[in-house]
Structures are given as structure tokens and as C-alpha cells.
Amino acid sequence: MYQQRLDLLREALPYIQRFKGKTFVVKLSGKVTEEHDNLVSLAEELALMHQVGIRLCVVHGGGKQLTELAAQMGVEQTIIDGRRVTDDATLDMAKMMFAGKINTDILAALHHRGVEAVGLSGVDGNIVLAERRPPKEIMNRETGVSSSVDFGHVGDIVRINDRLLQVLLDHDYMPVVSSLGADAEGRVFNINADTIAAEIAVRLKAEKLIMLSDVDGIYLRPGEQAAKLSRLTTDEVLELVQSGAATGGMIPKLQSITEILKRGVGSAHIIKGSLRNALLSEVFTDEGTGTMIVA
């Protein structure tokens with residue numbers, strides 16, 4: 001066991017040397033931050049990466065916690081095609097949950113490990129300039145009938161202002177950004193955390209965008225461990241889509257990832273956030289734990 005640990009350190013050394021001074025964007029899903037023990041473990045992994053000189057910007061959502069809070073408060077939620085309609089009451093709860101409880105819990109876990117982290121939302125420093133999403137035609141998959149849906153206070157990103165993020169990263173702070181943004185009139189919007197993380201990664205010219213989710217990678221056939229793809233190029237992703245091997249919700253996720261790789265992000269990773277040491281293993285070992293996509 002002792003020798004095995006030393007071998008792991010030796011394996012990590014070239015990766016530590018390669019990534020020192022590089023910028024990673026790490027996106028945490030609400031499910032990942034929900035359990036205290038899991039969050040503490042993740043904070044340890046982020047702290048270690050921070051200590052060896054990797055510049056980390058963390059982005060988080062919190063859809064699961066928002067749904068639970070809405071149930072507690074008796075506010076009915078409408079989810080259409082996987083996307084939440086954000087009415088006035090839901091927006092207020094999103095502000096409380098995203099910029100409040102979840103953000104603070106992440107900061108506290110990082111503080112416990114000696115990391116000087118700074119909690120932000122996309123509204124701080126005008127990081128995320130957004131506009132209200134216009135009504136969209138959505139097809140009911142059961143009936144095949146399309147109708148116009150107004151998603152309420154849901155925003156689409158116009159641009160990312162990275163000035164504050166760069167100042168913090170340059171001074172060895174770790175920004176922790178929740179998934180809210182605002183327009184020029186100061187109207188606040190609920191914005192998809194995956195989208196914010198991707199756009200920040202592009203703006204920061206990140207070496208890696210790492211998505212911690214409830215799945216441990218991309219599978220050709222769901223649930224079959226042997227069908228997991230550990231490494232893909234953008235050309236191979238295109239083949240998966242065109243051949244029909246990629247289906248359903250996998251298609252827009254893959255298309256989104258290939259787009260940011262074309263825009264300069266070094267690689268994108270999908271790993272399981274509840275798996276202990278998954279983040280360290282993905283970054284510092286040859287084998288990794290999830291799926292890595294490169295240009």
C-alpha cells in the first residue's frame with residue numbers, strides 16, 4: 001500500500017508540473033454539493049489542486065435544492081423539456097439558494113481546508129451580462145404538438161466580463177460563482193450553470209473545463225460500464241451524433257462541449273462528482289475516471 005501511494009505521487013508529478021499556473025473551470029451540480037460529506041471531500045480535492053498552483057474558478061448550480069425549497073414553501077414548479085420556468089417566486093428562491101446557502105456552504109468547506117475562496121454570483125462585477133430568454137416553440141414529445149413557452153426570468157448570456165475573475169485569480173483567490181446573471185437594467189435572471197461554466201472557460205482561456213455531475217462519463221449504451229468512452233476527439237463526437245450512437249440529452253451536451261473546444265478551451269471532462277477522488281484521479285493520473293474530450 002505504501003509503495004502504491006508513492007507510485008501515485010510519481011504518476012502525478014508530470015501533471016502537476018504541466019498544469020501549474022494553468023486555469024481550470026470546475027462546474028459543480030446541485031446534487032454534488034447536496035451531501036455535506038461529499039462537499040467536504042470535494043473541497044479537499046480542490047484545495048490540493050489550488051496548493052500545487054492550478055488557478056481554479058468554481059461554478060455551481062443548485063436545481064435540486066431549488067426544487068426541494070419550492071416544495072417546502074408550496075411554490076409549484078414547471079419543468080418543460082428539462083428546463084425550469086422561473087416565475088417571480090422561483091427567482092426569489094433561486095437568489096436565496098444559489099447566491100446564499102449553496103455558495104456559502106461551498107465557501108465554508110473550502111475555508112476549512114485553508115483556501116481563500118470568494119463567493120460571487122454572475123451579477124457581481126457584471127461577470128454575466130444576460131438578456132431575458134424570448135418565448136420558444138417547444139414540442140410536446142407525447143402529443144407531437146408545439147406551443148410557445150415563456151420561461152419567465154430565465155436568461156441567455158450576452159457576454160462574460162472576466163475582469164474581476166482575473167483579479168481574484170491573479171491574487172491567489174478561488175472565485176466561486178453561482179448561476180445568476182443580470183441585464184443592463186439590473187434585472188436578475190436564472191441561467192443554466194453548465195452554460196455559465198462553459199462561457200467563463202472560453203473567456204478565461206481555460207486549460208480544462210471539468211463538469212462534476214451525477215454520471216461518470218459518456219456511454220454508448222447507458223448503464224453498461226464496458227460502453228463508457230474514456231477519451232474522445234471532436235471528430236469522434238461528430239461521428240457519434242451522425243451515426244445515431246449518441247441519442248437524447250447526450251446530443252446537445254456533446255455539441256456544446258465541441259463548440260467550446262473550437263473556441264479555445266484545452267479539454268472538457270465529465271466525471272462523477274460523488275465519487276471520492278474522482279477529480280484528482282481525472283487530473284493527475286493517466287487513466288482518469290470519466291470522459292475527456294479534446295479538440
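Laid out as a table, the results:
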{"item": "Condition met for Ala99 (under 18 Å from Gly181 (Cβ atoms) and either assigned to a helix (DSSP H, G or I) or at pLDDT 95 or above (or both))", "result": "yes"}
{"item": "Unmet criterion (only one of (1) farther than 20 Å from Asp194 by Cα; (2) in a loop (DSSP other than H, G, I, E, B)) for Pro134", "result": "(1)"}
{"item": "Qualifying residue in segment 26-47 (condition: over 17 Å from the mean Cα position of the chain (by Cα), touching a residue at least 12 places away in the same chain (Cβ under 8 Å) and over 27 Å from Phe98 (Cβ atoms))", "result": "no"}
{"item": "Single match in Val158, Val149, Val115 (criterion: out of contact with any Cys (no Cβ under 8 Å at 6 or more places or on another chain), surrounded by 15 or more Cβ atoms within 10 Å (Cβ to Cβ) and either polar (S, T, N, Q) or closer than 22 Å to Thr195 by Cβ (or both))", "result": "Val149"}
{"item": "Flag if Val52 is among the hydrophobic types (A, V, I, L, M, F, W, C), surrounded by 11 or more Cβ atoms within 10 Å (Cβ to Cβ) and within 18 Å of the chain's Cα centre (by Cα)", "result": "no"}
{"item": "In segment 169-179, the residues that are out of contact with any helix residue (DSSP H, G or I) (no Cβ under 9 Å at 6 or more places or on another chain) and not charged (D, E, K, R)", "result": "Leu169, His171"}
{"item": "All positions within segment 42-86 that are modelled with pLDDT of 95 or more and among the acidic types (Asp, Glu)", "result": "Glu44, Glu45"}
{"item": "Filter result for Lys22 (under 17 Å from Asp194 (Cα atoms) and surrounded by 11 or more Cβ atoms within 10 Å (Cβ to Cβ))", "result": "no"}
{"item": "Selection within segment 146-161 - in contact (Cβ under 8 Å) with a residue 60 or more places away in the chain, among the hydrophobic types (A, V, I, L, M, F, W, C) and not in a loop (DSSP other than H, G, I, E, B)", "result": "Val149, Val154"}
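Table: residues versus (1) within 15 Å of the chain's Cα centre (by Cα); (2) over 21 Å from Leu8 (Cβ atoms).
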site: Lys262; (1), (2): no, yes
site: Ser267; (1), (2): yes, yes
site: Leu275; (1), (2): no, no
site: Ser281; (1), (2): no, no
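This table checks each residue for (1) out of contact with any helix residue (DSSP H, G or I) (no Cβ under 9 Å at 6 or more places or on another chain); (2) of a type outside the set (A, V, I, L, M, F, W, C).
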residue: Arg132; (1), (2): yes, yes
residue: Ser146; (1), (2): yes, yes
residue: Gly181; (1), (2): no, yes
residue: Ile191; (1), (2): yes, no
residue: Thr195; (1), (2): no, yes
residue: Leu212; (1), (2): no, no
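The values are calculated or read from the model by the stated rules, or taken from the named source; none is laboratory data. Please read all numbers here as calculations on a predicted model, not as lab measurements. Methodologically, a virtual Cβ is constructed for each residue, glycine included, from the backbone with ideal geometry; neighbour enumeration extends over all protein chains shown.
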